[in-house]
Amino acid sequence: MDAILLQFLNGLDKGSAYALIALGLTLIFGTLGVVNFAHGALFMIGAFCSVTLQRILTLSSETLSETEKDFLGNPLKIKTPYVENWFGPEVGGAIIDWAVPLAILLAIPVMLLIGFIMERGLIKHFYKRPHADQILVTFGLAIVLQEVIKYFYGANPIPTPAPSAFVGSFDFGPLLGLDTSLAYPYWRLVYFGFSALIIGAVFAFLQFTTFGMVVRAGMADRETVGLLGIDIDRRFTIMFGIAAAVAGLAGVMYAPINSPNYHMGMDFLVLSFVVVVVGGMGSLPGAVLAGFMLGILESLASMNEVKNILPGIDQIIIYVVAIIILLTRPRGLMGRKGVMEE
């Protein structure tokens, strides 16, 4: 029982990442009708925003120590981060320690800008092209972005630590009335809470703001909204930027869980597309529901007890569930009639 609960919790943070990426994918498909295979690369770029800010904050100056010497009697060189010189050791050290959460402030404008450039510079030319063309061009863009990251940051994963305040684990055992310990890392709880906040903010934005209502109307009937004199194309471009920002923020906060590397976007992309299809093409609630459901199932399937009975099931469980759901519900869990059925 304890192992099942622990794997359920592990599935929540993985499901959170799937849900956030799938939410952005669905926003783009629902508004622009574009199948964006470069979306996983946006998740990767967000993770490297954390790496970049950490490197910037740890840029250091060298001074010679007056008290410490090497074995030859020469003064030792001491590296001191510039932020500690400017703000003092305590404040500067705290800024460096909180580099990952602070990277959110860097990622939002960067991801919005990248999203706008992608949509205006490339994606808009493929609105009326077949989905196969959209997949090919966005997949090619993803490979280019991946190689750019590899060139500047190298091929090896880059450890990006969480703030020291969130190092360690929370024991759910006493909370759930268990006799044994059930430790779960603090940062994974933070990531789940952050994901829930972002998902709630996106749904609230679409549901309760005038801008969001127009976007939802445009998703349902783009031509009619356009006939009312509303510049729906501009609003959809903004939504592309928001979707890019959602993927980037998912990557920023995931960096301490999975050390950023140049191929992490591709690792999440395929699974996130499966999530979108299972949830229902164009369905935002379906994308979120399927993301958490498949993340939890994948985590449960990785238990040794399950793998001993069905070897390798953890590698294919998502695809097996997807096949079963699509055979019984061809539109996915919450798919709309007429979406990609022509």
Worksheet item: How much length is gained if the chain between Val148 and Lys128 is pulled fully straight, taking 0.36 nm per residue apart and subtracting their Cα-Cα distance, in nm to one decimal?
Response: 4.3 nm
Practice prompt. Determine the relative contact order of the chain: mean sequence separation of Cα pairs under 8 Å and six or more apart, normalised by residue count, in whole percent.
Written response: 34
Worksheet item: In debye, nearest 20: dipole of the chain around its Cα centre with unit charges on the Cβ of K, R (+) and D, E (-)?
Response: 1060
Worksheet item: Using the heavy atoms of the protein chains alone and a 1.4 angstrom probe, what is the accessible area of the chain per residue in square angstrom?
Response: 49
Discussion item. Suppose only helical runs count, i.e. DSSP H with n ≥ 4. What mean residue ellipticity at 222 nm does that imply for the chain under -39500 (n - 2.57) per run, divided by all residues and rounded to the nearest 500 deg cm²/dmol?
Written reply: -22500 deg cm²/dmol
Item to complete: Taking only Cα atoms and a 10 Å spring cutoff, compute GNM fluctuations for the chain and point out the largest among Gly251, Gly11, Gly193.
Response: Gly193
Worksheet item: So how much slack lies between Val320 and Val91, counting 0.36 nm per residue of separation and subtracting their Cα-Cα distance, in nm?
Response: 77.4 nm
Item to complete: For the range 254-342, give the magnitude of the charge dipole about the Cα centre (Cβ charges: +1 Lys/Arg, -1 Asp/Glu; no others), in debye to the nearest 20.
Response: 280
Discussion item. Need one number: nm distance between label points at Ala155 and His263, each 7 Å from Cα along Cα→Cβ, rounded to one decimal.
Written reply: 0.9
Worksheet entry | Total charge dipole magnitude, the range 166-293, about the Cα centre, Cβ charges on Lys, Arg, Asp, Glu only, Debye to nearest 20 | 180
Worksheet item: Stretched out fully, how many nm does the piece from Leu228 to Asn308 gain, at 0.36 nm a residue minus the Cα gap?
Response: 22.7 nm
Worksheet item: Cα centroids of the range 12-33 and the range 171-233: how far apart, whole angstrom?
Response: 10
Discussion item. If I take R0 = 41 Å and measure r between the Cβ atoms of Ala220 and Ala165 in this structure, what FRET efficiency does the formula 1/(1 + (r/R0)^6) give, to the nearest 0.05?
Written reply: 0.40
Worksheet item: Given the C-alpha centroids of the range 273-342 and the range 100-131, what is the distance between them in whole angstrom?
Response: 27
Worksheet entry | Phe208 paired with Leu59, simple spin-label distance in nm, labels 7 Å along Cα-to-beta-carbon | 4.1
Worksheet item: Rounded to a whole number, what % of the accessible area of the range 1-133 do carbon and sulfur atoms account for, probe 1.4 Å?
Response: 67
Worksheet item: Expressed as an acute angle from 0 to 90° and rounded to the nearest 10, what is the orientation of the C-alpha long axis of helix 2-32 relative to the principal long axis of the chain?
Response: 60
Worksheet item: Of the heavy-atom accessible surface of the range 173-293 (probe 1.4 angstrom), what whole percent is carbon and sulfur?
Response: 66
Worksheet item: Given H placed on each backbone N at 1.01 Å, which residues far from Ser60 in sequence or on other chains put an amide H within less than 5 Å of it?
Response: Tyr82
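The values are calculated or read from the model by the stated rules, or taken from the named source; none is laboratory data. For clarity, every value in this text was computed on a predicted model and none was experimentally measured. Cβ atoms come from the backbone with ideal geometry, glycine included; neighbour counts cover every protein chain shown. Heavy atoms of the whole protein, side chains included, go into the accessibility calculation; ligands, DNA and RNA do not. Shrake-Rupley method; radii C 1.70, N 1.55, O 1.52, S 1.80 Å.
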